[in-house]
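Heads up, the thing below is written out as structure tokens.
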Amino acid sequence: MTETLIEVKNLQVRFPVRSKKLFRTETTELRAVDGVSFDIKRGETVGLVGESGSGKTTVGRAILRAIDPSAGEVIFHTRNDEVDVAHIEGEELRKFRQHMNLVFKAGPVQLSSLSGDMLRMFRPRMSLVFQDPYSSLNPRMTVRDIIAEPLVASGMMSNRDEIDARVREIAARCKLNLEHLRRFPHAFSGGQRQRICIARALVSRPDFVVCDESVSALDVSIQAEIVNLLKDLQDEMGVAFLFIAHDLSVVAQISHRVAVLYVGKFVEYAPTEKLFFAPRHPYTHALLSAVPRADPDADFDPIKLTGEIPNPLAAPSGCRFHTRCPYARPRCSAEEPDWRALDEDHFVACHFAEEFDFARPSGH
Ligand code: SF4
């Protein structure tokens, strides 16, 4: 897992928010994501954690271009042997080659520069699994048609037999019974529905899938089943996941690296083991304090966060965490900390990260 698949550079997403004053309407800018940079390797799972309202979903959707970023770059690195364009023919193929210089040439693709047909043709390379397996499936479509939808909508396949073969293959990989394909979603449990959602996301053999709180609505035993299924599918298909969740114990089970987001900014990014057992940012330490431990008597000094996550419309000056940080000093409210490397794979945004030792023994 050394080959970079996606590079995110200074990603920003801003939304205009209108508010009515006495005689006028004022427009303010909500910075939902404010300068996020990281990379995802092929076949890797990156966990993205943070409290509700921190901007996790917006990061995922901006990478997929479900939301247009306001600034920054998302670069998708393609390979010669992986650009599946068998479905593009004639004039469309010529246009595609001309505009993208992509079809037989490996290299970086600026997702922010794609639009219209080009974006539609690129879509099968990326996908999304939603949180709610109940509302994300059309109750009037059969499971076969639901799974086939991305192939048809993107124009990737039109031959019914080919589509059926691809749907059966991915359904089997997702441990769905083939007789389920004729049924409608109401006939299935939450776990089975999430398998259908995963099959739909993977049917186009994407390189990258965003799982947006994909196990949060499920029972704990079903969560473990789905996490194991995602891991197996990753081993078999080499797909990379951005796994968005607020439950750190689930994130730890599946992620190779974890990023922590606070009010639209990354505060820490590191390999899972390092982040969980030797975090360097007080916010990461506070989130970990809330994770149940195997031994409640173990020597551990948790932080209890007070107050609510700040409103991104009025984000605090300097370090955004200074209003809740128990270690804040005068410099913290005056100066924004740089996003910097502590070592080759551990990044943090805190003025005093080197001073903190939040390490805890593994198993706790
Ligand atoms: Fe806390 Fe200051 Fe570090 Fe921010 S920069 S996390 S306020 S110590």
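The values are calculated or read from the model by the stated rules, or taken from the named source; none is laboratory data. Quantities reported herein were computed from a predicted structural model and do not represent experimental measurements. Every residue, glycine among them, receives a Cβ derived from its backbone with ideal geometry; neighbour counts consider all protein chains shown. Just so you know, the surface numbers come from the protein's heavy atoms only, side chains and all, with ligands and any DNA or RNA stripped out. Shrake-Rupley method; radii C 1.70, N 1.55, O 1.52, S 1.80 Å.
Here is how the number arises for the chain: DSSP H runs of 4 or more residues each give -39500 (n - 2.57), the sum is divided by the residue count, and the result at 222 nm is -9000 deg cm²/dmol. Ranking of H281, H77, H256, H180 by solvent-accessible surface, largest first: H256, H77, H180, H281 (1.4 Å probe, protein heavy atoms only, all chains present).
Across segment 1-41, the volume of the C-alpha convex hull divided among the residues equals 46 Å³ per residue. Placing +1 on each Lys and Arg Cβ and -1 on each Asp and Glu Cβ, with no other charges, gives the chain a dipole about its Cα centre of roughly 1280 debye. Ranking P271, S135, C325 by Cα position along the charge dipole of the chain, where only Lys, Arg, Asp and Glu carry charges on their C-beta atoms, puts S135 farthest toward the positive end. For A259, the residues 5 or more places off, or on other chains, whose built amide H falls under 5 Å of its own are G47, L48, V49.
Over segment 182-240, what portion of Cα pair distances is larger than 19 Å, expressed as a whole percent? Cα-Cα pairs in segment 182-240 separated by more than 19 Å: 29 percent.
Here M118 and A314 are evaluated by their C-beta separation; at R0 = 35 Å the FRET efficiency comes out at 0.35.
The phi-based Karplus calculation (6.51 cos²θ - 1.76 cosθ + 1.60; θ = phi - 60°) puts the 3J(HN,Hα) values of segment 205-214 at 6, x, 8, 9, 10, 8, 9, 9, 6, 5 Hz, whole numbers, x for Gly and Pro. Residues considered: A199, A66, A224. Largest GNM mean-square fluctuation over the chain, using C-alpha springs under 10 Å, is found at A66. Exposure here means at most 10 other Cβ atoms within 10 Å; with trypsin sites (Lys or Arg not before Pro) in a DSSP loop as sites, the longest stretch of the chain lacking them is 141-303. Computed from backbone phi, the HN-Hα couplings of segment 146-157 come to 4, 5, 6, 3, x, 5, 6, 5, 7, x, 5, 9 Hz, rounded to whole numbers (Karplus: 6.51 cos²θ - 1.76 cosθ + 1.60, θ = phi - 60°; Gly and Pro given as x). Rolled with a 1.4 Å probe across the full set of protein chains, the surface gives H246 an accessible area near 110 Å². Across the options H186, V215, I40, the greatest Cα extent toward the positive end of the charge dipole of the chain (unit charges at beta carbon of Lys, Arg, Asp, Glu) belongs to H186. Only protein heavy atoms count here; on that basis, with a 1.4 Å probe, V143 has an accessible area of about 0 Å². Applying a threshold of 20 Å to the alpha-carbon distances of K9/K41; K9/K274; K231/K265; K175/K231; K41/K175; K20/K265 flags K9/K274; K231/K265; K41/K175; K20/K265 as lying beyond it. Rounded to the nearest whole Hz, the Karplus-based 3J(HN,Hα) values (6.51 cos²θ - 1.76 cosθ + 1.60, θ = phi - 60°) of segment 107-123 follow the sequence x, x, 10, 7, 4, 5, 8, 7, 8, x, 4, 4, 5, 4, 6, 7, 3, with x at glycine and proline.
Annotation for segment 23-59: GluC sites (Glu not before Pro) lying in DSSP loop with at most 10 further Cβ atoms inside 10 Å of their Cβ do not exist. The heavy atoms of E236 present about 100 square angstrom of accessible area, all protein chains included, probe 1.4 Å.
Largest first, the residues T25, T4 sort by 1.4 Å accessible area into T25, T4.
With Cα atoms as the point set, the radius of gyration and Dmax of the chain evaluate to 21.9, 69 Å. Out of the DSSP beta bridges found with both residues in the chain, what percent are antiparallel (nearest 5)? Of those bridges, close to 65 percent are antiparallel.
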